[in-house]
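Working notes for the structure below.
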Amino acid sequence: MEPTIYDISVEGRTGVSLTNVDVPTSELPADLLRSDLRFPEVSELQVVRHFTNMSHLNHGIDKGFYPLGSCTMKYNPKINEDMARLPGFAHLHPLTDDSGSQGALALMYELQNWLAEIAGFQGVSLQPAAGAQGELAGILMIRKYHVERGDKERTTILVPNSAHGTNPATCSMAGFKVIELPSDKDGNVDLEALRAACAGDNARTIAGMMIIVPSTLGLFDRNIVEIIELVHNAGGLLYMDGANMNALMGVVKPGELGFDVMHYNLHKTFSTPHGGGGPGCGAVAAGETLAKYLPGPVVQMVEAETEETPPLYGLRMPEKSIGRLKAFHGNFGMHVRAYAYLRVYGAEGIKNVTRHAVLNANYIRAKLHDTYRVPYDRHCGHEFVMEGHFDGVESVHALDISKRLMDYGIHPPTNYFPLIVREALLIEPTETEDKATLDNFIDVMKKIAQEARENPEILTNAPHTTPVSRLDEVRAAKQLVLCCSPVLET
Ligand SMILES: *Cc1c(COP(=O)(O)O)cnc(C)c1O
């Protein structure tokens, strides 16, 4: 175990020097004073070293490759951080009225417009704090649409069985029943099952469908246009989970495909950080049918620019908004970072982001499909899924491969998800990694496959080089110890 800050404490040592007081002193009331606060007594240098060392114990994108599928762990450019720290943004009080925050509102307005443009949609709300909250917003919008039309029998949402866990959870939270659709042998939605779900009397109960494009198998559903038509013809609306926009940006517009509403993960696609469940932004975008239901407030241009005056922006509730989802303006710091990212890349740049993300994933797939089983071995989007087990080596599972990767300084891929693939390893390299990094990963994965056959224990006992060895993950999650205290010593 690393020493805690209390272990390096030395009585009488101090990290600050206070100036002499230049006002009269007086006694503090004794009954308010504690005799012992048990603060660590350390020098400034000790504190700096302690926290710097601690920061190296965890893996992060700034430290190494992080191919965690579905999470888009791309590099977060430092210029985003510089922009978010500009005092005019960082110190702006959320209660400042519109006239005092025109710069921030202009930024949000432009970001809304760019996201609308990338999606091919009319309206965007930056309110939701996470992808899952964006999903909830979109599904509540669909619900309100049906309820307002008096179409109250529509209580079911269709969700493919390759979905992200948040999708069915969102539908349940919004009060819907979920019908799970099977996938066909190519990883597409099973069209026969979809036709049956939308046929005859069933059609009247369909509120909509929620589908990830490309799916969590990394696959672009070849029948997507037909799927959208089938659900629309049944009277349902189409929600696209856009967490995987890193495979579509600048190339495919969900609005043009026929979707009605979607969410973005700015903390994936648009390079805002997302460690430790930190603040994110699950912006929702909607087309003509649903834009008036968007959560609010959203930023509108309330007075156009004239020759003498700049445009005037204001916060407004969309006409039939489902309401607020988040205090104030959402996570504004994330808006600044995503805005900076889009300004740096521009329209052509983000198209290349998508192209390179897709190229990198296909490169790894093509290099590894002879060593690992790739169940849907066709052109993938920004990620692909393979199976982490080997014929004749019963003891080795996907988890062991993942743990062993940590010994090579690589973050594990996503394990056991999507659920429909045996021993799934979902690999997403992102566009920010160069060929040398991808080649190293490919070499390491081949080496691990060899180790699995020659010396499986080295995998099943991994990791060997990390600060802590294999954890009881359930206990680690249930009994979190997030801070140290001197009490632990006694
Ligand atoms: C990450 C992700 C989500 C959820 O986003 P959060 O910000 O973690 O709530 C939803 N769907 C898919 C496909 C995702 O990858």
| Qualifying positions in the range 375-388 - of a type outside the set (Ser, Thr, Tyr), over 17 Å from Asp443 (Cα atoms) and in a loop (DSSP other than H, G, I, E, B) | Pro375, Asp377, Arg378, His379, Cys380, Gly381, His382, Glu383
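Just checking, does the range 132-143 include any residue being more than 16 Å from the ligand (Cβ to nearest atom), under 22 Å from Met262 (Cβ atoms), of a type in the set (Gly, Ala, Ser) and in contact (Cβ under 8 Å) with a residue 12 or more places away in the chain? First the steps, then the outcome.
Just the residues of the range 132-143 that are more than 16 Å from the ligand (Cβ to nearest atom), to begin with: 141-143.
Of the ones still in play, those that are also under 22 Å from Met262 (Cβ atoms) are 141-143.
Right, trim to of a type in the set (Gly, Ala, Ser) and you get none.
No; the residues of the range 132-143 include none that is more than 16 Å from the ligand (Cβ to nearest atom), under 22 Å from Met262 (Cβ atoms), of a type in the set (Gly, Ala, Ser) and in contact (Cβ under 8 Å) with a residue 12 or more places away in the chain.
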| note | Condition set within 11 Å of the ligand (Cβ to nearest atom) and buried (at least 24 other Cβ atoms within 10 Å of the Cβ), scope the range 263-276, selection nearest to Asn76 (Cα to Cα): answer is Thr272
| said: With the requirement that a residue be under 46 Å from the mean Cα position of the chain (by Cα) and open to solvent by less than 90 Å² (accessible area, probe 1.4 Å), what does the range 13-36 give you? | reply: Thr14, Gly15
| task | Identify the single condition in (1) among the polar types (S, T, N, Q); (2) modelled with pLDDT under 95; (3) within 24 Å of Gln122 (Cβ to Cβ) that Asn246 does not satisfy, given that it satisfies every other one. | result | (2)
| request: Test Ala462 against the criterion of being assigned to a loop (DSSP other than H, G, I, E, B), surrounded by 10 or more Cβ atoms within 10 Å (Cβ to Cβ) and touching a residue at least 40 places away in the same chain (Cβ under 8 Å), and give yes or no. | output: yes
| note | Listed by range, helices (runs of 4 or more DSSP H) wholly within the range 4-123 having at least 2 residues that are closer than 30 Å to Asn352 by Cα and out of contact with any Leu (no Cβ under 8 Å at 6 or more places or on another chain) are 78-84, 102-119
| said: Six or more apart or on different chains, Cβ atoms under 7 Å: show the pairs whose first residue is in the range 345-369 and without any contact (Cβ under 8 Å) to a residue 24 or more places away in the chain and whose second is among the acidic types (Asp, Glu). | reply: His369/Asp377
| Residue tally, condition under 17 Å from Arg316 (Cβ atoms) and in contact (Cβ under 8 Å) with a residue 24 or more places away in the chain, over the range 100-124 | 14
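Starting from residues that are outside any loop (DSSP other than H, G, I, E, B) and open to solvent by 20 Å² or more (accessible area, probe 1.4 Å), keep the ones in the range 160-176 and report whichever is farthest from the ligand (Cβ to nearest atom). Can you show your working first?
The first filter runs over the range 160-176 and keeps only residues outside any loop (DSSP other than H, G, I, E, B), leaving 160, 166-173.
Among the residues that remain, those that are also open to solvent by 20 Å² or more (accessible area, probe 1.4 Å) are: 166, 168-169, 172-173.
Working: Thr166: 5, Pro168: 11, Ala169: 10, Ser172: 15, Met173: 12 Å.
My answer is Ser172.
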| request: Considering only residues that are in contact with a helix residue (DSSP H, G or I) (Cβ under 8 Å, 6 or more places away or on another chain) and assigned to a loop (DSSP other than H, G, I, E, B), look in the range 422-459 and name the one that is farthest from Tyr376 (Cα to Cα). | output: Glu433
| field | Residues being open to solvent by less than 80 Å² (accessible area, probe 1.4 Å) and modelled with pLDDT under 90 - total across the range 41-59 | value | 2
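Of the residues Gly200, Gly187, which single one is on the phi > 0 side of the Ramachandran plot and open to solvent by 60 Å² or more (accessible area, probe 1.4 Å)?
Working: Gly187 fails: open to solvent by 60 Å² or more (accessible area, probe 1.4 Å).
That would be Gly200, the only listed residue that is on the phi > 0 side of the Ramachandran plot and open to solvent by 60 Å² or more (accessible area, probe 1.4 Å).
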| request: Kindly indicate the residue of the range 345-364 that is more than 17 Å from Tyr75 (Cα to Cα) and in contact with a helix residue (DSSP H, G or I) (Cβ under 7 Å, 6 or more places away or on another chain) and also most open to solvent (accessible area, probe 1.4 Å) among those meeting that condition. | output: Tyr363
| task | Specify which of the listed residues (Gly255, Gly236) is more than 16 Å from the ligand (Cβ to nearest atom), farther than 19 Å from Ala132 by Cβ and in contact with a helix residue (DSSP H, G or I) (Cβ under 7 Å, 6 or more places away or on another chain). | result | Gly255
| note | Residues of the range 398-421 being in contact with a His (Cβ under 6 Å, 6 or more places away or on another chain) and part of a loop (DSSP other than H, G, I, E, B), in sequence order, are His411
| query | Exactly one of (1) away from the ligand (no atom under 11 Å from the Cβ); (2) within 24 Å of Thr414 (Cβ to Cβ); (3) surrounded by fewer than 24 Cβ atoms within 10 Å (Cβ to Cβ) is unmet by Ala129. Its number? | reply | (1)
| request: Among the candidates Met334, Met245, single out the residue that is out of contact with any helix residue (DSSP H, G or I) (no Cβ under 8 Å at 6 or more places or on another chain), open to solvent by less than 60 Å² (accessible area, probe 1.4 Å) and within 13 Å of the ligand (Cβ to nearest atom). | output: Met334
| said: Regarding the range 383-404, can at least one residue be identified that is touching an Asp or Glu at 6+ places or on another chain (Cβ under 6 Å) and either over 30 Å from Glu457 (Cβ atoms) or of a type in the set (Phe, Trp, Tyr) (or both)? | reply: yes
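The values are calculated or read from the model by the stated rules, or taken from the named source; none is laboratory data. Model, not experiment: these values are computed from the prediction. We place every Cβ from the backbone using ideal geometry, glycine too, and count neighbours over all the protein chains shown. Surface accessibility is based on the protein's heavy atoms, side chains included, excluding ligands, DNA and RNA. Shrake-Rupley method; radii C 1.70, N 1.55, O 1.52, S 1.80 Å.
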